[in-house]
Amino acid sequence: MELHELTFSEARRGLEEGTFSARDLVESALGRIEGVEHSLNAFIRVRERDDLLVEAGKTDAARARGEELGPLAGIPVAVKDNISTRGLGTTCASRILAGYDPPYDATAVERLRDAGAITVGKTNLDEFAMGSSNEHSAYGAVRNPWDPGRVPGGSSGGSAAAVAAGEAVLALGTDTGGSVRQPAGFCGIVGVKPSYGRVSRYGLVAFASSFDQIGTMSRDVDGAAELLAAISGADSRDATTSEVDVPEYTGLVTGNLSGVRVGVPRESTGEGVDPEVAEAVLAAVDVMRSLGADVDELKLEHSEHAVASYYLVANAEASSNLARYDGLSYGHRAQGADGLDEIVVRTRSEDFGAEVKRRIMLGTYALASGYYDDYYLRAQRVRTLIANDFASAFERFDVIVTPTSPTPAFRLREHADDPLAMYLSDVFTVPANLAGIAALSMPCGLSSTGLPVGLQITANRFMEPMMFRVAREYEAASGVRLRVPEVKRTERDA
Amino acid sequence: MAATTDDIRHIAALAKLSFSDDELERLTNEMDAILNYVAQLSGAKLDGVDPAFALLRRDNVFREDRVGEMLKPDDALSNAPDRDEDFFRVPGFLPEG
Amino acid sequence: MMRDVAIGFEVHAQLATVTKIFCACANESGGAPNSRVCPVCLGLPGALPVLNREAVELGIRVALALESDITARSSFARKNYFYPDLPKGYQITQHRTTLATGGHVDVDVQGTRKLVGIRDIHIEEDAGKTVHAPFSKNARGSGSVGLVDMNRCGVPLVEIVSEPDISSIEEADAYLRKLYQILIYLGVTAGELHRGNVRFDTNVSIRNAVDGSLGTPCEIKNLNSFKSAGRALLFEIERQSRVLDAGGTIEHETLLWDDRAERALPMRSKEEASDYRYFPEPDLGDLVIGDDWIDFVRRFMPEPPDEHALRFRNWYGLRDDTARVLTAEPTVAIYFEDTLANLLRVLGLAPDSIVNPASRLLAISVEAREKMSVVFSEMEGISPERLPELAEVTANWVTVMVGAWVNENGVDLKTLALSCLPAARLAEVIAARVRGTVNEPAAKRLLVAAIDSSEPVDELLERLDLTQVTDASTIETLVTDVLLLHPAEVERLRAGEEKLIRFLVGQVMKHSGGKADPVLVGETLAKLLGIE
């Protein structure tokens, strides 16, 4: 087995036992990047090889001296390029932030460093995290490592592809409506969207402030859990972080889920869900049942309205969050225009991509005078109903299981002319963001065409330990931890 | 409610965006489809349901009134597309009035 | 034709916090451009606001002083509009639910009392500043560029919105000055108008002469002084009157006042002015203010001016006009009260605890007032007439004697009080006069000497030989000498030219080097001359 194929747990054990060094791990990641980046386009920027090796060397030296090391010491981590990193640039895959280098680090990035992780580079995404395919990037589309003719999902497509392909052991993504879980599902890895308020958003470039959370990605449950533990907790710079204690997220596999109540919404396997996806999810539920879990059906009354509510509220927030990009005090400024207003309008019109402009327009519409009550306000009221549905569901269940997406990864450009169809593919992921609860996606098998199928496990707010427990037991019992795929060489058109 | 190109043009002005006529037409159609889709929300029973404004937020989160770290002017201006000494320079500015 | 007008104000005051409202940058003025900024106030991607507790508490003070209802649960909202010195593209303010609603300002308009209603009070962030620089190097296009300084971005503001209750320019002036006095009194703002610490926007509408209904209001922004507010109101009332006189109608407009040109010009296009797309700020939780918090703020809050004047009358028996003069500015009021407390102590009429440093630091907060009232209740050996007498004497010293010195020397009272003439020192000077140790002219010399040197007051008295001569035999000798030197005047006085007594007293005083007790001199003269 090659080093880049190791999961987090295997890599950490190898480092601890001295089987290989952090330098070896970084070398292997860099080698893999060299080998597959041409096909995948997962990274926007990779750090200088020498810098990475020096940093890894320091970790190795500290380990040799017997110093106490952080929980992620020497582990190569990829960071989505909408999370601020001083000196590494942060573009959000947008022309409007071309060349922007933040003068500060995101709290999550500081904590990553404190935990000893080695940031290998910044990953590609849908521009400003708006998209479900990673095709909307000023730096070109990202390809799915399992089939480069298909999308990796989005918006954290770069992070998902990088972890799936072994270019990094762990990655940070961001999840506003499924942007960690859906690409994790499409790429066959574990992706976690923590409860709202669990991880500081300070330094995360805002898309939709009441939905955004930084999430974690790994090829194993423990990797995602350990990374989440490292970045979680209250932050005095983010007034929306919770002061609820951060408990242990990792634990021992017991082979036992007895007493754990698992809810399966009817629509999980209903209309619009690919039969192979439905089958894989039901099989996963059977595994949980065999471990002793109590499984029952469940109805979430208002889930049919989730996508509509989400797109209105999230984009309303986005229209305001993206008002700051005007080319005046940072970022790119359009040339050749005369007059302040013209420069601003031209900068924004030229430098934002079509999807971002569409969402700004929708969000501005939802807030505009005469539309506010019918769109923004109504959507916010529906959001309350959806949160209430979950509150009652979690009185009866510990976790709720659904597919992550109705289908496996779709083809590039499959939804290019139909933005609404793309939005509807988020039907299983947006409810967790609306309600601010915890959810993860993990692989539960491969389709007949060899594509990963994602299983979503949702738990109540700050009930991450229960979510991880179910995931860990399922992972161990099912044995469906996916290998690192062969990445076919393709010529990208980006 | 059907979106018209005039509505969309007005929204674009608020959002500081401009579109060509072709773009505007396509955008109007796309927005119309999306607005039609979200119109389903009017079917939800919302009597006595409050908006979720404060659903996930904590009340009364404060900082104490103590000076913390500030940026050096060079860091503050390091990303400026244009500057004049320690000022951000913006083009085509005419003071109001 | 004279028309009835309805005027309302939005008064913005920069709050005197140490840091900005949503970040830890210093809240100061001056200094190099863009030297007090951070990712938050620069609106950098990913930065988030966290509310400064002190800004809220200063806002609560204003609400309490204006007797507004403090909202138990208020929230923040984003006001979306574009401007180069508004780096986020929105201002964080309060909209649907504000810090407080209702209340009033008690205004005295040339002797007539008027209550101006308050609609709401909210806290929000200030924007940066753009300097128009037509000649900046490398200017392109129209050649006009703006230079943006973000130092002011995020400075906390309290905005006080009045009802359109004001019906004349005089009332408007009285309202603004009164509100300003209150804000200064509360210590919530530095209040330097020329620095833009306090700024006014006004809205003006003209009442229909026939049905009494209010016309469409127009808003004028950018008023930076009481004078410019008055001028702008005159300009706008005349402008609207002309339109109406010509049979026109008033369209809603937002105008920007140009103080130099003394005119207001339209500011924003209607499309943008009409749609700020307010929505709840998702980065900040609600502001929940309970009674405990309000009581806490009240406890440490300086007394508003009207209450202060009233208390001076009730506690010290001061005359109403004296109390008002003393409370025009908090510095004077605090200095007076501090001096009086010290005087009572020096005269042995009050215990040392009356000038407990803690109570002085808290100046005129509830806390301090309670402590002082305890001391007063324990004061013994002071007659009901004695306290008002000493209070008037102290008031006279502070406003007249010290006031004159301050005016002549161009030093402000606060500086004087904090450096060479602390209240305790002034109290010793006054005590020397009250006890009769010095006479009036010597007291004035003593005051100047006390300011100019740091010697203890009793040593000054000795060194300058200012102690009043009150010994009866010494004075009798002095008087006898003077009578012998001026036989002609004595003759004329005896013949009924009474005013010559003053001449003789003056001569005795001169003879004594100004040290004789003038009252005793007068009595001795009368006695020796046998005049009743």
Quick one: angle between helix C:500-511 and the longest Cα principal axis of chain C, in degrees between 0 and 90, rounded to 10, please.
-> 90 degrees
Taking the stretch C:1-146, how many lysine pairs are there with alpha carbons less than 22 Å apart, if each pair must be eight or more places apart or span two chains?
-> 7
Net lengthening on full extension, C:HIS194/C:ASP321 (0.36 nm per residue, minus Cα-Cα) = 42.7 nm
Shape of the stretch C:419-532, Cα gyration tensor, a/c cut at 1.5 | prolate
Which of C:LYS444/C:LYS510; A:LYS357/B:LYS45; A:LYS122/A:LYS193; C:LYS178/C:LYS227; C:LYS221/C:LYS414 have a Cα-Cα distance over 21 Å?
-> A:LYS357/B:LYS45; C:LYS221/C:LYS414
Bins of 10 Å, starting at 0 and running to the largest distance - Cα pair percent for the stretch C:1-78 = 14, 36, 29, 14, 6, 2
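Apply the a/c threshold of 1.5 to the C-alpha gyration tensor of the stretch B:1-79 and tell me whether it is rounded, prolate or oblate.
oblate
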For labels at C:ALA495 and A:ASP114 in the simple 7 Å Cα→Cβ model, what's the distance in nm?
-> 10.2 nm
J(HN,Hα) series, the stretch A:185-200, from Karplus relation 6.51 cos²θ - 1.76 cosθ + 1.60, nearest Hz, glycine and proline x | x, 5, 9, x, 10, 8, x, 10, 9, x, 4, 4, x, 6, 10, 4
MRE, 222 nm, helices only [DSSP H, n ≥ 4, -39500 (n - 2.57), over chain A, to nearest 500] | -11500 deg cm²/dmol
Rounded to whole angstrom, the alpha-carbon centroid of the stretch B:47-62 lies from that of the stretch A:47-125 at a distance of 35 Å
Amide H to amide H, which residues 5 or more places from C:ARG207 or on other chains are under 5 Å from it, using H placed in the peptide plane?
-> C:ASP4, C:VAL5, C:ALA6, C:GLY215
If each of C:ALA32 and A:ASP417 carries a label point 7 Å out from its Cα toward its Cβ, how far apart are those two points in nm?
-> 5.8 nm
Say R0 is 22 Å: what FRET efficiency, to the nearest 0.05, do C:ARG463 and C:THR415 get from their beta-carbon distance?
-> 0.30
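Using the 10 angstrom Cβ neighbour count as an exposure proxy, how do A:LYS58, A:LYS193, C:LYS20 rank, fewest first?
Ascending Cβ contact count within 10 Å gives the list A:LYS58, C:LYS20, A:LYS193.
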Residue by residue through the stretch A:89-100, the couplings from Karplus 6.51 cos²θ - 1.76 cosθ + 1.60 with θ = phi - 60°, in Hz, x for Gly and Pro, are x, 8, 10, 6, 6, 10, 4, 5, 10, 4, x, 6
Reachable aspartates and glutamates, given that their alpha-carbon falls under 16 Å from the alpha-carbon of C:LYS499 and they are not under 8 places away in the same chain | C:GLU489, C:GLU491, C:GLU523, C:GLU532
Quote the FRET efficiency, to the nearest 0.05, computed for A:SER258 versus A:ASP296 with a Förster distance R0 of 22 Å and r equal to the Cβ-Cβ distance.
-> 0.90
Reciprocal mean inverse distance between Cα atoms of the stretch A:274-360 - Kirkwood radius, Å | 17.4 Å
Relative to the compact-globule estimate 2.2 N^0.38 Å (N residues), the Cα gyration radius of the stretch A:320-429 stands at a ratio of 1.49
What number, rounded to the nearest 500 deg cm²/dmol, is the helix-based mean residue ellipticity at 222 nm of chain C, given -39500 (n - 2.57) per DSSP H run of at least four residues and division by all its residues?
-> -12500 deg cm²/dmol
Are there cysteines in chain C with no second cysteine's Cβ under 4.7 Å away, and if so, which?
-> C:CYS23, C:CYS25, C:CYS38, C:CYS218, C:CYS420
Which whole-number percent of Cα pairs in chain C have a distance greater than 31 Å?
-> 60 percent
Each label point is 7 Å from the Cα along the Cα-to-Cβ direction; what then is the distance between the points at C:ARG53 and A:ASP245, in nm?
-> 2.4 nm
Computed over the Cα atoms of the protein assembly as shown, the Rg and Dmax in Å are 37.8, 138
Rounded to whole angstrom, the alpha-carbon centroid of the stretch C:484-532 lies from that of the stretch A:440-479 at a distance of 112 Å
Between rounded, prolate and oblate, where does the stretch A:393-494 land on the alpha carbon gyration tensor, with a ≥ b ≥ c its root eigenvalues, rounded for a/c under 1.5, else prolate if a/b exceeds b/c?
-> oblate
Amide H to amide H, which residues 5 or more places from A:THR216 or on other chains are under 5 Å from it, using H placed in the peptide plane?
-> A:GLY173, A:VAL192
Within the stretch A:116-145: backbone nitrogen closer than 17 Å to the A:LYS488 label point (7 Å, Cα to C-beta) = A:142-145
Given the rule -39500 (n - 2.57) for each run of at least 4 DSSP H residues, summed and divided by the residues of chain B, what is its mean residue ellipticity at 222 nm, to the nearest 500 deg cm²/dmol?
-> -10000 deg cm²/dmol
Neighbour-count order for A:SER268, A:SER448, C:SER241, fewest beta carbons within 10 angstrom listed first = A:SER448, C:SER241, A:SER268
Mind listing the Cα extents of the stretch C:472-529 along all three principal axes, in Å, largest one first?
-> 29, 19, 17
Collect residues whose amide H, placed 1.01 Å from N in the peptide plane, falls under 5 Å from the amide H of A:LEU257; neighbours closer than 5 in sequence don't count.
-> A:GLY292, A:ALA293
Sort A:GLU350, A:GLU37, C:GLU337, A:GLU167 so that the residue with the fewest other Cβ atoms within 10 Å of its own Cβ comes first and the one with the most comes last.
-> A:GLU350, A:GLU37, C:GLU337, A:GLU167
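Throughout, read-outs are computed from the coordinates displayed, never taken from laboratory work. Note that this is a predicted model, so its numbers are computed, not measured. Reconstructed Cβ throughout: ideal geometry from the backbone, glycine too, with neighbour counts over all protein chains shown.
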